[in-house]
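Report on one structure; see the data block that follows.
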Amino acid sequence: MKRDSATLTIRNLPARVVRGLKALARRRNQSMEQEVRDILEEYVAERASVLKQIEASWERQSRRPTGDEIDAWIAAGRDLPASE
């Protein structure tokens, strides 16, 4: 099966991030390019899963929250003290 693919160029990446990616890749015995692909694929899959869960939860509600309600919840979450 042929996979659709695209080329992504990332400029001005801090050197410490590049060093970290190289170290992660080295530990997994793969190229840094493959490590970045794996990280991006995992992040997108996880985010899609979370969004699916949110949608399923909304379907069980009698109504969807308004944008203002969501903004208020986000603001309230930011006001919580950082956990130790």
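Where a number appears in this text, it was derived from the coordinates with a stated rule and is not lab data. Because the structure is a prediction, the values reported are computed rather than measured. Reconstructed Cβ throughout: ideal geometry from the backbone, glycine too, with neighbour counts over all protein chains shown.
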*Computed FRET value (nearest 0.05) for ALA45 with ILE10, which takes r as the C-beta separation and R₀ as 25 Å*: 0.80
*Evaluate the charge dipole of region 21-84 about its Cα centre and quote only its size in Debye, nearest 20, assuming +1 on the Cβ of each Lys and Arg and -1 on the Cβ of each Asp and Glu.*
280
*Among VAL17, THR66, VAL50, whose Cα sits farthest toward the positive end of the charge dipole of region 15-77 (+1 at Cβ of Lys/Arg, -1 at Cβ of Asp/Glu, about the Cα centre)?*
VAL17
*For LEU13, what charge total do you get from the other residues with a beta carbon under 12 Å from its beta carbon, if Lys and Arg give +1 and Asp and Glu give -1?*
+4
_Per-residue [θ]222 nm for the chain (sum of -39500 (n - 2.57) over DSSP H runs n ≥ 4, rounded to 500)_ = -22000 deg cm²/dmol
*Calculate how steeply helix 32-60 sits against the longest principal axis of the alpha-carbon atoms of the chain, using the helix alpha-carbon long axis, and give the answer as 0 to 90 degrees to the nearest 10.*
10
*Summing Lys, Arg as +1 and Asp, Glu as -1, what charge do residues with Cβ under 14 Å from the Cβ of ILE54 carry, ILE54 excluded?*
0
*By how many nm would the segment from LEU21 to SER62 lengthen if fully extended, with 0.36 nm per residue of separation less the alpha-carbon distance?*
10.3 nm
*Spherically averaged projected area of the chain from its Cα convex hull (nm²)*: 10.4
*Calculate how steeply helix 15-27 sits against the longest principal axis of the alpha-carbon atoms of the chain, using the helix alpha-carbon long axis, and give the answer as 0 to 90 degrees to the nearest 10.*
80
